[in-house]
Amino acid sequence: MKLSAGKVAGALFFVAASQFVVGMMVAEAHYPGYSISANYISDLGVGASAMIFNTSVFLLGLLILIGAYYLHRALNFRFLTLLLVLTAIGAMGVGVFTEDFGQMHPLVSLIAFLFGGLSSVASFRLLKKPFSVIALILGFISLGALVLFFGAIDLGLGVGGMERMIAYPILLWGAGFGGYLIAYTEKAEVQKPQ
């Protein structure tokens, strides 16, 4: 059975988000005394959890990158493709340029977070309700949390909790978007952008 480009893209996005969520949980369990409130997500990229986290976040980016190629083949939505490629570059960069790399690490993290949130918002044009609205909400939650994070406003969640308010909506959207593409790309329920 040959899968369409849209279904391949969907499978890649779903696996990318899912494996990273699991990888992050496993990395947290391997990091002695890790606090999801007090520690940054990227603290997992050094020490005992480094191999697990860095491999998982690099794989997240690589699968998004390959998925963006297949999504472009299926729907030719250049703007979303560009946003996804930038998200992928940021995620792979997080896995390569750990906190030990100084200012390079915050830059690649910002790229992953910013373009991940924008990807969720931009996908609105491809989706039917109610998922189109869900994608907008998740994207705006992520982008809003990113603004608060850079304004040093953590809403009592700590730096790690606030980072998760940026990352989790993107990951939820990525898994949901993947499932949507798997289910609907051949049923004309994905709108090709004009």
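Just so it is clear, none of the values below were taken in a lab; they were calculated from the coordinates. Since this is a predicted model, take the numbers as computed values, not measurements. Here the Cβ positions follow ideal geometry from the backbone for every residue, glycine too, while neighbour counts run over all protein chains shown.
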Filtering the range 16-35 down to residues that are among the hydrophobic types (A, V, I, L, M, F, W, C) and free of Cβ contacts under 8 Å to residues at least 60 places away in the same chain yields 22, 24, 25, 26, 27, 29
Which of the helices (runs of 4 or more DSSP H) found entirely inside the range 83-190 contain at least 1 residues meeting this: under 18 Å from residue 66 (Cα atoms) and out of contact with any Phe, Trp or Tyr (no Cβ under 8 Å at 6 or more places or on another chain)?
104-122, 158-184
Looking at the range 36-61 only, could you name the residues that are among the hydroxyl-bearing types (Ser, Thr, Tyr), touching a residue at least 24 places away in the same chain (Cβ under 8 Å) and over 18 Å from residue 112 (Cα atoms)?
37
Out of (1) surrounded by fewer than 20 Cβ atoms within 10 Å (Cβ to Cβ); (2) part of a helix (DSSP H, G or I); (3) more than 19 Å from the chain's Cα centre (by Cα); (4) not charged (D, E, K, R), the one residue 66 does not meet is (3)
For residues that are hydrophobic (A, V, I, L, M, F, W, C), without any contact (Cβ under 8 Å) to a residue 12 or more places away in the chain and over 17 Å from residue 172 (Cβ atoms), tally how many sit in the range 115-157.
5
For the range 22-38, name all the residues that are buried (at least 18 other Cβ atoms within 10 Å of the Cβ) and either of a type outside the set (Phe, Trp, Tyr) or assigned to a helix (DSSP H, G or I) (or both).
23, 24, 27, 28
Report, ordered by the first and then the second residue, all pairs with beta carbons closer than 8 Å, sequence separation of six or more or different chains, a first member in the range 95-108 that is closer than 20 Å to residue 52 by Cα, and a second member that is of a type outside the set (D, E, K, R) and not in a helix (DSSP H, G or I).
98/46; 99/40; 99/46; 100/46; 105/97; 105/98; 108/97
So, residue 13, is that one over 19 Å from residue 80 (Cα atoms), of a type in the set (Phe, Trp, Tyr) and in contact (Cβ under 8 Å) with a residue 24 or more places away in the chain or not?
no
Exactly one of (1) aliphatic (A, V, I, L, M); (2) in contact with a Leu (Cβ under 8 Å, 6 or more places away or on another chain); (3) farther than 21 Å from residue 176 by Cβ is unmet by residue 51. Its number?
(2)
Within the range 106-160, residues surrounded by fewer than 19 Cβ atoms within 10 Å (Cβ to Cβ) and small (Gly, Ala, Ser) come out as 132, 144, 151, 152, 156, 158
